[in-house]
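Everything on this sheet refers to the single structure shown next.
The values are calculated or read from the model by the stated rules, or taken from the named source; none is laboratory data. These figures come from a predicted structure and were not determined experimentally. Cβ placement follows ideal geometry from the backbone for every residue including glycine, while neighbour counts extend to all protein chains displayed. When the accessible area is computed, the model is the full protein with side chains, heavy atoms only, and any ligands, DNA or RNA have been set aside. Shrake-Rupley method; radii C 1.70, N 1.55, O 1.52, S 1.80 Å.
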Amino acid sequence: MIYCQGQNEQKIVRSCREHFTKKALKNVFVITYERMRKYEGKWHTEKSSLFPNYIFLESEYPTCLKEELEQYENIFQILGEKNELISISQEEEGFLRSLCGEEHHFPMSRGYIQNGCTYVTEGPLRGKESFIYKIDRHKRLARLKVPFTDGVRDMSMGLEIVSKS
């Protein structure tokens, strides 16, 4: 995982794909989620970055990747202590893949609230209701607290509540 300033994620993703060797870089991507925004009197579905300013890199040879990354040190920061790459644990990777799949994208979830309990009926948040700590029904967003190796992360994901009783 690397940090890039100025929300140039897609530009840096394209640059990494063009300049890094296949040995160093298996895949590079930004994790996105669907959200809904209302403008011009209608609801529109949009894509937003789940981790703004962060890019995820997959590599089977982290040493080779780090060497190639050093050429770009003025564009982004290598995260972690002593400029070491942060590796995502298998549990974290499994959790993220269970939500977004191979597309690295979280589609909208839908559900309902009954007697104060949230039930997600479709989408990646189905079965993950225990991570939701706040729902903004107007913005159609769920706020989640998800445990990661380096602490608990606060994330927003699209959730449309279709009924409440």
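Modelled with pLDDT of 65 or more, among the aliphatic types (A, V, I, L, M) and under 21 Å from T21 (Cβ atoms): which single residue out of L69, L99 fits that description?
Details: L99 fails: under 21 Å from T21 (Cβ atoms).
Matching residue, one of L69, L99: L69.
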Return the residue satisfying two criteria in turn: it lies in the range 1-57 and is in contact with a Lys or Arg (Cβ under 9 Å, 6 or more places away or on another chain) and of a type in the set (V, I, T), and of such residues it is farthest from P107 (Cα to Cα).
V28
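Would you call E84 open to solvent by 60 Å² or more (accessible area, probe 1.4 Å) and at pLDDT below 95? Walk me through how you get there before you give the answer.
Working: open to solvent by 60 Å² or more (accessible area, probe 1.4 Å): yes; at pLDDT below 95: yes.
Yes, satisfied.
Return the total of residues in the range 111-134 being part of a strand (DSSP E or B) and surrounded by fewer than 17 Cβ atoms within 10 Å (Cβ to Cβ). It would help to see each step written out before you state the result.
Our first condition is that a residue be part of a strand (DSSP E or B); within the range 111-134, this holds for 111-114, 117-122, 132-134.
Keeping just the survivors that are surrounded by fewer than 17 Cβ atoms within 10 Å (Cβ to Cβ) gives 112-114, 117, 119, 121-122, 133-134.
So the count comes out to 9.
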Please give the number of the condition T45 fails out of (1) in contact with a Ser or Thr (Cβ under 9 Å, 6 or more places away or on another chain); (2) β-branched (V, I, T); (3) modelled with pLDDT of 85 or more.
(1)
Is it true that G94 is of a type in the set (G, A, S) and at pLDDT 90 or above?
no
Inter-residue pairs, beta-carbon under 6 Å, first without any contact (Cβ under 8 Å) to a residue 40 or more places away in the chain and in the range 9-33, second buried (at least 19 other Cβ atoms within 10 Å of the Cβ) and part of a helix (DSSP H, G or I), 6+ apart:
V28/C16
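Can you tell me which residue among V152, V146 is open to solvent by less than 90 Å² (accessible area, probe 1.4 Å), of a type outside the set (D, E) and either without any contact (Cβ under 8 Å) to a residue 24 or more places away in the chain or not in a loop (DSSP other than H, G, I, E, B) (or both)?
Working: V152 fails: open to solvent by less than 90 Å² (accessible area, probe 1.4 Å).
V146 is the lone residue from the list that is open to solvent by less than 90 Å² (accessible area, probe 1.4 Å), of a type outside the set (D, E) and either without any contact (Cβ under 8 Å) to a residue 24 or more places away in the chain or not in a loop (DSSP other than H, G, I, E, B) (or both).
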